[in-house]
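All remarks here apply to the structure that follows.
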Amino acid sequence: MRIAVVAFPVPLSKGYHYRVPEDLRVVPGMRVRAPFGFRRATGVVIESFEGEPERPLKAIDSVVDARAALSAEGLNCARFISRRFGAPIGECLKALVPAYVKSLDEPVEVCAAVRRPRVHSEFELTPGQSAALDRLGAHLESRKAATSLLFGVPASGKTEVYLRLIRRAVSGGGQALFLLPEISLTRPFFDEFAASLDVPVALWHSALTPRARRLAWLAVSQGKVKVIVGARSACLLPFHDLRLAVIDEEQDESFKQDSNAPFYHARDVVLERARAFSALTVLGSATPSIEAWAMTKSGAAERLTMSERVSAVPRPTVRTLPPGRFGDSLSDELLDKMKECLARGEQSILLVNRRGFSTLTTCGKCRWIDRCADCGVAKIAHEASGGFSMICHHCGKKWPPPERCGACGEASVRMSGVGTQRVAAEVKRRLLGARILRMDRDTVSKEGKLEERVYDQFRARQADVLVGTKLVAKSFHFPEVTLVGVVDADAMLHMPDFRSAERTMQLLAQVAGRSGRAAKPGVVMLQTLSPEHEAIKGVSGGDYSLWADGELAARVELSYPPSGGLIRAVLACADEGRLGETSSLYAQALRGRLPQAAVIGPAPALLRHVRGKFRDHILIKLPLEDVEAGLTIARACPLPSTVKLALDADPYDML
């Protein structure tokens, strides 16, 4: 009897055995319809073999397609994500073969870009660019799996190296993947690559319509698209012949999926798939992740350094200064520097870590805080044309602003804290005549069109000041920006997270790199109360290598990633008492089953109450080689049906 093992898109860690009717051709990777419980469901065949079952098996009803939706490499990728990150195999397969891919036989026209006149960048490369390109080109031509860290200072010309390398990769008919951390970055790079390459280029990110994603998925699967420019989930596309994978700004935490299962890191997935295709992986960054830095120390990756800027202008001067006076977000010194830029016709960027107008609404008498009843976090005040509204940034609910205190009833409610809207309003008030643009999640429409308009307007010098969240620190190139101001450099520094110093260092160094990128020298001004902190001093000194070596040594001493394994278990329940009891028993069970691990907790999660459920979390520190077994054991520990468990290997979200 022919037996097929089928996995369904449900949070279960195994596949189910079915009998294959004699008139059906079923192979691994195919989608099939089969009875599942009291319904018919679509699943993916992960294995098939001849055998005799110990009990009667249900039969597969039909096949969805005449051929496999996933190749052997795609199935292995699903197994890798399931094993490495402890995710149910069915959810991994769902991520690789999305539900909106209805038929593999749907006609696909290659989605060519609306091309500008093609630009061939034939200018002379710097010595650093030339050496890096030669070395990467040799790896590419060897057709052996290799990993390189392209460690280039801001404005060192990494994009030109990427472009020329991609052109080589696709010249022989192969495919190239170019990953970016933010949707907002994909369109400028897509436009540039589509205008510069002679092959079809596809755009991929979650804000595209289901139809656009379906057609791109099919085109990649059929090998009709040669270059893919996309955000995190592009690493899951069904590549036909992957030759090159580039992860730009590889240090960015956006490459870790932590909102919906499966929880995976795009860097790990890309490295695994590149090994399967014997492809070259390039990790590009001016501020590499400590994980990538450790790879170069262990020999798992080669470090290629580009230490000089393309222009002759030196790196921007970095200065620290105290925050603004009470009531003002900007110090007088920072504002004076902005006035000088405005007078010279130059542009400025202000980094603000929070969107909205104010981040806290309190009672001046009893200290009551206006919080979301479902999530327990402070509501954020947003200003719109009709006035202010209060928004929860976790569940998205909206309320009118409170007129009186929710506890004592007094009319002593006041707003405090700084968001992008408040800073933009202050600049408008204090910097007369300045044209101001804002770039944050609130200015990005579903399709990203508004963000593109902000980017194009600022690059075309239709504004003098750009106020934004971390989006402004990414790979944008604004030649006329000569001043970058960070309103609160300490915002992430003291978070209860072992990566807080790394995140601060990387964000500040990245946004500093937006200043003085062309012919005019730049200045960076950091408003901080912690000028002696190692991360702040690291940005001021500009020696990322020295700082990264010290941070890696600290991780080794404390057995934190990448030198040790870490699993975060989050338990959620509507009953707070039941949750506390269950969490304690669960931690006790983990200590008994994982004697080699350090089980820390349980403790209330920083975001204690989210969408009506209380949350506890537990950290499991264990040797790297035991992470996969630890995930299996942690998932196998019994829990009441009212308590939900989420496991995250190498967590980036500690809230």
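Here is how the numbers come out for the structure above:
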| quantity | calculated |
| --- | --- |
| Per DSSP, loop GluC sites (Glu not before Pro) in the stretch 391-448 with at most 11 further Cβ within 10 Å | 403 |
| Dipole magnitude of the chain about its Cα centre (Cβ charges: Lys, Arg +1; Asp, Glu -1), debye to nearest 20 | 1340 |
| Dipole of the stretch 507-643, positive direction: furthest Cα of 642, 539, 587, with charges on the beta-carbon | 642 |
| Most positive-pole-ward Cα, 68, 156, 85, against dipole of the stretch 48-197 from beta carbon charges | 156 |
| Area accessible to solvent at residue 600, 1.4 Å probe radius, in Å² | 80 |
| Solvent-accessible surface ranking, highest first, for 253, 50 at 1.4 angstrom | 50, 253 |
| Accessible-area composition of the chain, carbon plus sulfur, in percent [1.4 Å probe] | 53 |
| Residue 110 - accessible surface, heavy atoms, 1.4 Å probe, Å² rounded to 10 | 60 |
| P(r) tail fraction, the stretch 254-397 - alpha-carbon pairs more than 28 Å apart, % | 55 |
| Span from the the stretch 247-323 Cα centroid across to the the stretch 612-655 one, whole angstrom | 27 |
| Computed over the stretch 433-576: relative contact order in percent, which uses C-alpha pairs under 8 Å that are six or more apart | 19 |
| Average accessible surface area per residue within the chain, 1.4 Å rolling probe, Å² | 43 |
| Dipole moment magnitude, nearest 20 debye, the stretch 119-237 about Cα centre, only Lys, Arg, Asp, Glu C-beta charged | 600 |
| Given charges at Cβ of Lys, Arg, Asp, Glu: the chain dipole, positive-most of 317, 130, 240 | 240 |
| Taking the C-alpha atoms of the stretch 368-516, convex hull volume expressed per residue in Å³ | 153 |
| Of 94/398; 470/537; 365/428; 14/58, those spanning more than 22 Å from alpha-carbon to alpha-carbon | 94/398; 365/428 |
| Dipole magnitude of the stretch 461-522 about its Cα centre (Cβ charges: Lys, Arg +1; Asp, Glu -1), debye to nearest 20 | 280 |
| Percentage relative contact order, the stretch 1-97, counting C-alpha pairs under 8 Å, at least six apart | 36 |
| Debye-sum result for the stretch 577-655 in log10 I(q)/I(0), which assumes one identical scatterer on each alpha carbon, at q = 0.15, 0.23 Å⁻¹ | -0.51, -1.21 |
| Cα-derived Rg over Rh, computed across the stretch 316-444 with Rh taken as Kirkwood radius | 1.03 |
| For the stretch 1-44 and the stretch 362-377, distance of Cα centres in Å | 51 |
| Rg/Rh ratio calculated on Cα atoms of the chain (Kirkwood radius) | 0.97 |
| Relative contact order, percent, the chain [alpha-carbon distance under 8 Å, six or more residues apart] | 12 |
| Simple spin-label estimate for residue 141 and residue 110 in nanometres, 7 Å along Cα-Cβ | 2.5 |
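The values are calculated or read from the model by the stated rules, or taken from the named source; none is laboratory data. Just so it is clear, the model here is predicted, and its values are computed rather than measured. Using ideal geometry, Cβ is built from the backbone for each residue, glycine included, and neighbour counts are taken over all protein chains shown. Note: accessible area is taken over every heavy atom of the protein model, side chains too, but ligands, DNA and RNA are not part of it. Shrake-Rupley method; radii C 1.70, N 1.55, O 1.52, S 1.80 Å.
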